[in-house]
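The values are calculated or read from the model by the stated rules, or taken from the named source; none is laboratory data. Just so it is clear, the structure is predicted and the values come from calculations on it, not from any experiment. Ideal geometry is used to build each Cβ from the backbone, glycine not excepted, and the neighbour counts take in all protein chains shown. For accessibility, only protein heavy atoms count, side chains too; no ligands or nucleic acids. Shrake-Rupley method; radii C 1.70, N 1.55, O 1.52, S 1.80 Å.
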Protein chains: 2
Amino acid sequence: MTSTGPARQASLRERNLATIARAVIDAPDPLSRADLAACTGMTRATVSTLVDQLVEAGLLTELPAVASGPGRPAVPLAPAARTVVGLGLEVNVDYLGGRVVDLTGAIVDEFVIAGTLRGSSATATLRRLGHLARDLIARVESRGMRIAGAHLALPGLVDTRTNLLRIAPNLGWSDVEPLPLLGLPAGLPATVGNEAKLAALAQLWGCPVTERASRTFLYVSGDVGIGAAIVIDGELFGGRRGWSGELGHITIDPAGPRCGCGATGCLERYAGKEVLVTDVGLGIDVADDVLVDRLSAADDAARAAVTTAGAALGQAMADAVNLLDIDTVLLGGVYTGLVPLLRPTITEQLRTRVLGAPWAPVDVAPAPVANHAALTGGAATSLRAVVADPMPWIAAAAG
Amino acid sequence: MTSTGPARQASLRERNLATIARAVIDAPDPLSRADLAACTGMTRATVSTLVDQLVEAGLLTELPAVASGPGRPAVPLAPAARTVVGLGLEVNVDYLGGRVVDLTGAIVDEFVIAGTLRGSSATATLRRLGHLARDLIARVESRGMRIAGAHLALPGLVDTRTNLLRIAPNLGWSDVEPLPLLGLPAGLPATVGNEAKLAALAQLWGCPVTERASRTFLYVSGDVGIGAAIVIDGELFGGRRGWSGELGHITIDPAGPRCGCGATGCLERYAGKEVLVTDVGLGIDVADDVLVDRLSAADDAARAAVTTAGAALGQAMADAVNLLDIDTVLLGGVYTGLVPLLRPTITEQLRTRVLGAPWAPVDVAPAPVANHAALTGGAATSLRAVVADPMPWIAAAAG
DNA sequence: GTAGTTTGTATATCCACTGAACTTATTCAC
DNA sequence: GTGAATAAGTTCAGTGGATATACAAACTAC
């Protein structure tokens with residue numbers, strides 16, 4: 001009954017525009033039209049017309065030509081700054097934020113308001129975020145930029161098909177429909193996503209091209225809950241409803257302590273922030289860097305607790321790697337700062353428990369993008385949609 | 001540096017041919033050219049030329065027109081029988097086989113030779129299989145069929161990029177390069193794959209369209225080892241090297257018994273065939289149906305052991321579902337027959353341990369294709385490649 | 001200044017899909 | 001039977017987009 005859509009002539013244009021846009025934006029150094037022709041296999045003529053359209057639409061810019069060697073100097077192309085931008089929004093346990101990023105990856109404008117939101121009213125908080133977001137949008141639009149889309153990151157189970165938040169245990173929210181409460185301008189495409197998943201996407205696009213994560217990795221974000229995101233060849237693997245990556249509820253020991261989710265022995269009860277803060281006698285709302293400092297300077301008892309956490313984390317990661325055959329694990333959230341403490345136990349677990357480890361060891365590293373990564377990830381996701389389908393923007397620029 | 005290839009004019013043809021071929025082959029009832037135009041969105045003119053080429057190439061056939069209602073009767077189109085075929089080969093612990101399947105899904109010819117191959121010589125066994133396969137190929141080609149490709153299924157860790165078998169514990173094989181040993185005709189595209197993964201693909205394509213598995217599921221195959229395959233929207237998720245799905249080495253209890261892989265408490269030690277046969281005092285080489293009968297008729301002690309296995313299986317599946325957000329689990333291998341015994345404990349585990357279960361319960365069912373599924377899966381995989389890119393076959397038919 | 005080299009643009013051509021008109025084959029009404 | 005109505009499939013001029021080739025532009029090197 002159903003099937004993939006037909007390929008019209010226009011599909012060629014769409015695909016080739018996307019290919020060119022992506023090549024320029026993902027390139028470590030500016031490419032010329034000739035470079036693009038060489039690396040995409042298109043003719044120089046084709047590339048020229050495509051580039052002209054992308055420049056016209058404000059997605060790319062021509063840099064001043066620099067002569068080097070014989071022959072006519074090439075015109076280097078680069079993503080356009082401050083023309084088309086993406087908006088990332090986030091409500092998390094200890095802050096509220098919005099960030100606008102442009103195609104160069106630069107942060108154009110942002111706000112981050114610290115303060116615990118545990119147990120806050122979903123309606124009030126989202127209305128407040130909406131107010132701040134509308135201000136941010138107004139500022140950015142008054143500077144002549146066009147906003148491609150908005151993504152709201154929430155620390156919980158989000159149904160990506162319906163944009164409904166099912167439950168966010170650490171906020172105390174459940175069954176919320178966030179987008180109407182934000183009251184974003186009509187016509188601005190907006191979606192809701194899980195915080196860890198958007199943070200993972202920031203690792204792909206949110207930093208200079210040369211420092212980017214490899215295109216396939218498992219991102220593990222430690223907070224009160226433990227979220228994970230599976231990224232395969234640059235694509236987030238969300239699962240049927242976007243509920244993939246619930247690493248925090250992998251079973252470490254079925255006879256273990258009871259978890260808030262109703263099951264027993266979940267990873268969260270061994271390696272969640274709640275356990276870590278208790279080990280050094282701190283409160284749950286302590287800042288990540290304080291917690292990291294205290295754990296790093298702690299005595300043997302607390303060190304043992306970190307080792308337990310690391311072993312549990314390693315076991316859960318080994319399960320994930322055995323299932324998914326992924327060879328890179330990036331640690332985010334609190335874990336980023338704890339990599340020196342955690343890595344030995346984690347890698348030991350991975351070495352012994354991953355079936356393929358003798359042939360291809362698993363790499364464990366801190367996530368390169370750390371500061372409010374989900375904001376960047378959300379903004380970048382909107383921009384990736386533009387890059388993946390620049391046609392509407394060209395039509396808009398022409399008409 | 002790299003990027004997706006350019007979209008040439010020919011790409012349109014390629015894509016539209018694939019769309020048409022797939023629509024006809026996956027349709028529950030024969031479609032006419034007009035039906036195809038309606039469901040793909042192409043014009044009738046376009047569909048006509050594409051269909052003509054596919055018929056010419058021997059991928060589709062026109063059935064006799066049946067009049068029903070006013071108007072010119074439609075010409076129903078169906079996959080062509082016995083024109084282009086795929087070859088599946090398999091070496092497993094207790095048999096050796098080859099199967100040829102055509103585009104209608106019918107088995108055209110096959111051989112299955114029972115007998116334990118545990119501890120056999122890889123070289124001798126693969127040479128023997130190669131001999132049998134060449135006979136099969138000769139028979140099929142003498143009947144005028146063209147073989148699109150061959151897939152060899154092996155019960156072990158196969159590197160799908162290099163077609164190397166790293167290790168097959170239950171055969172006692174390691175570091176084998178199987179394809180040269182088979183000595184298949186030069187020019188026949190051949191690859192090696194994991195047995196459970198190819199069996200999973202058979203669930204998608206190896207049975208009448210109406211009985212097919214949903215396009216997203218986790219296939220769990222119980223044998224001496226426990227293999228799994230992740231299928232997302234009709235695509236096998238193989239991971240970086242094709243080593244995904246090692247469910248058998250998910251940790252059930254870190255303090256559990258030592259496993260052959262070197263780790264402790266792996267699922268295999270709770271729910272593998274080795275444990276099950278021991279429970280009812282049988283040998284490891286017993287046929288699956290005998291084992292199922294004995295377990296079904298067993299006393300309380302053995303029943304308790306099956307329950308333990310089911311709980312462990314359920315726990316591992318819950319881990320997988322939490323990670324992947326998949327809502328269907330198909331049980332293959334020995335487990336197919338044990339579904340009545342296993343399901344209660346499995347579903348109980350899934351209900352309590354899967355975070356999303358309250359909103360979307362996980363369905364556990366026996367795999368619809370059971371008999372030597374990996375053979376069918378291997379053959380079908382070759383055919384899917386033809387359907388996904390029919391162009392070369394059209395060129396061959398024309399030239 | 002001239003030759004050599006590379007980049008980017010212009011023009012004719014080709015290929016595949018579109019749309020509208022046309023042919024073919026059936027049902028139904030009389 | 002005959003003819004209108006209906007739906008399937010085909011034909012053919014038209015269009016969009018990529019290609020290939022030739023050419024203009026801008027630089028280095030001698």
- Query: Which helices pass in chain A if a helix is a full DSSP H run, must span at least 15 angstrom along its long axis by Cα, and must have mean Kyte-Doolittle hydropathy not below 0.5?
  - Reply: A:195-205, A:300-324, A:373-388
- Message: Taking all protein chains in place and a 1.4 Å probe, what share, in percent, of the accessible surface of region A:213-366 do carbon and sulfur account for?
- Response: 51
- Let me know the shape class of the protein assembly as shown, please: from the alpha-carbon gyration tensor, a ≥ b ≥ c as square roots of the eigenvalues, rounded when a/c is under 1.5, otherwise prolate if a/b is greater than b/c, or oblate. oblate
- Item | Per-copy distances of the B:ALA10 label point, shortest first, in nm (7 angstrom along Cα→Cβ) | 2.7
- Message: Taking amide H atoms as placed 1.01 Å from N in the peptide plane, list the residues 5 or more away in sequence, or in a different chain, whose amide H sits under 5 Å from that of A:GLU246.
- Response: B:LEU323
- Message: With the alpha-carbon atoms as the only input, what is the per residue convex hull volume for region B:232-298 in Å³?
- Response: 151
- Item | Average accessible surface area per residue within chain B, 1.4 Å rolling probe, Å² | 39
- Note on the structure: Pseudo-spin-label distance A:THR123 to A:ALA287, built 7 Å along Cα→Cβ, given in nm, is 3.4
- Task: Name the residue farthest towards the positive end of the dipole of chain B from the options B:GLN9, B:LEU89, B:GLY356, assuming +1 on Cβ of Lys and Arg, -1 on Cβ of Asp and Glu, about the Cα centre.
- Result: B:GLN9
- Query: Under the definition of partner shielding as Cβ atoms of other protein chains within 10 Å of a residue Cβ, what is the mean value for peptide A:312-320?
  - Reply: 4
- Task: Place +1 on the Cβ of every Lys and Arg and -1 on the Cβ of every Asp and Glu in the protein assembly as shown, take the dipole about the Cα centre, and give the residue among B:ILE107, A:VAL286, B:CYS259 whose Cα lies farthest towards its positive end.
- Result: B:ILE107
- Dipole in debye (nearest 20) - region B:69-209, about Cα centre, beta carbon charges: Lys, Arg +1; Asp, Glu -1: 300
- Item | Exercise: per-residue mean of other protein chain Cβ atoms within 10 Å, B:34-43 | 2
- Message: If the only charges are +1 at each Lys and Arg Cβ and -1 at each Asp and Glu Cβ, what is the size of the charge dipole of chain A around the Cα centre, to the nearest 20 debye?
- Response: 960
- Rounded, prolate or oblate: pick one for region B:101-235, where a ≥ b ≥ c are the square roots of the eigenvalues of its C-alpha gyration tensor, a/c under 1.5 means rounded, and failing that, prolate if a/b is larger than b/c, else oblate. oblate
- Note on the structure: Most packed first (mean Cβ within 10 Å per residue), the peptides B:203-210, B:139-146 order as B:203-210, B:139-146
- Item | Average other protein chain Cβ within 10 Å of Cβ, residues A:249-260 | 4
- Message: At 7 Å along Cα-to-Cβ for each site, give me the label-to-label distance between A:THR308 and A:THR104 in nm.
- Response: 5.0
- Distances from B:PRO208 to the same residue in each other copy, label points 7 Å out along Cα→Cβ, in nm, shortest first? 6.3
- quick shape note, region B:191-266: Cα extents on principal axes in Å, largest first -> 45, 25, 20
- Of B:GLY265, B:GLY98, B:GLY156, which is the most mobile in a GNM of chain B whose springs link Cα atoms less than 10 angstrom apart? B:GLY265
- Message: Output needed for region B:213-366: three equivalent-ellipsoid semi-axes, defined as square roots of 5 times the C-alpha gyration tensor eigenvalues, in descending order, whole Å.
- Response: 24, 17, 15
- Message: How long are the semi-axes of the equivalent ellipsoid of region B:134-202, defined as square roots of 5 times the Cα gyration tensor eigenvalues? Whole Å, largest first.
- Response: 24, 13, 11
- Task: Multiply the residue separation of A:ARG215 and A:ASP363 by 0.36 nm, subtract the distance between their alpha-carbon atoms, and state the gained length in nm to one decimal.
- Result: 51.9 nm
- Task: Compute the Rg/Rh shape ratio of chain B: radius of gyration over Kirkwood radius, all on alpha-carbon atoms.
- Result: 1.01
- At 0.36 nm per residue, minus the direct Cα-Cα distance, what do B:LEU63 and B:ALA186 gain on full extension? Give it in nm, one decimal, please. 40.8 nm
- Message: With Kirkwood's inverse mean 1/r over C-alpha pairs for Rh, give me the Rg to Rh ratio of region A:9-79, two decimals please.
- Response: 0.96
- Message: Considering only C-alpha atoms, what is the centroid distance from region B:15-74 to region A:328-399, in Å?
- Response: 44
- Message: Taking a virtual spin label 7 Å from the Cα of A:SER296 along the C-beta vector, which residues in region A:350-394 bring their backbone nitrogen under 14 Å of it?
- Response: A:366
- Query: Sorted from shortest, what are the nm distances separating the label point of A:ALA67 from equivalent points in the other copies, each placed 7 Å from Cα along Cα to C-beta?
  - Reply: 8.0
- Would you kindly derive the ³J(HN,Hα) couplings of region A:219-236 from the backbone phi angles with the Karplus curve 6.51 cos²θ - 1.76 cosθ + 1.60 (θ = phi - 60°), listing them in order in whole Hz, with x for Gly and Pro? 9, 10, 10, x, 8, 4, x, 10, x, 9, 9, 9, 10, 10, 6, x, 10, 5
- Relative packing of peptides A:232-238, A:222-228, A:274-280, A:18-24 - highest average C-beta neighbours within 10 Å first: A:222-228, A:18-24, A:274-280, A:232-238
- Inter-site label distance for B:ALA255 and A:VAL75 at 7 Å from Cα along Cβ, in nm: 7.1
- Query: So, by mean Cβ neighbours within 10 angstrom, what's the order for A:88-96, A:63-71 with the highest one leading?
  - Reply: A:88-96, A:63-71
- Note on the structure: Quick shape check on region B:17-163: root eigenvalues a ≥ b ≥ c of the Cα gyration tensor, a/c under 1.5 is rounded, otherwise prolate if a/b tops b/c, else oblate, and it reads prolate
- Item | Efficiency of FRET from Cβ geometry, B:THR49 and A:THR43, R₀ 25 Å, rounded to 0.05 | 0.40
- Task: Provide the per-residue ³J(HN,Hα) series for region A:365-370, in order, calculated from phi with Karplus coefficients 6.51, -1.76, 1.60 and θ = phi - 60°, each as a whole number of Hz, with x at glycine and proline positions.
- Result: 9, x, 5, x, 9, 10
- Message: Suppose every Lys and Arg Cβ carries +1 and every Asp and Glu Cβ carries -1, with no other charges. What dipole size does the protein assembly as shown come out with about its Cα centre, to the nearest 20 debye?
- Response: 1720
- Task: Express in nm, to one decimal, how much length is gained between B:GLU56 and B:ALA396 on full extension, taking 0.36 nm for each residue of separation and deducting their alpha carbon distance.
- Result: 121.4 nm
- Query: In the P(r) worked out for region B:256-334, what percent of Cα pairs fall beyond 16 Å?
  - Reply: 56
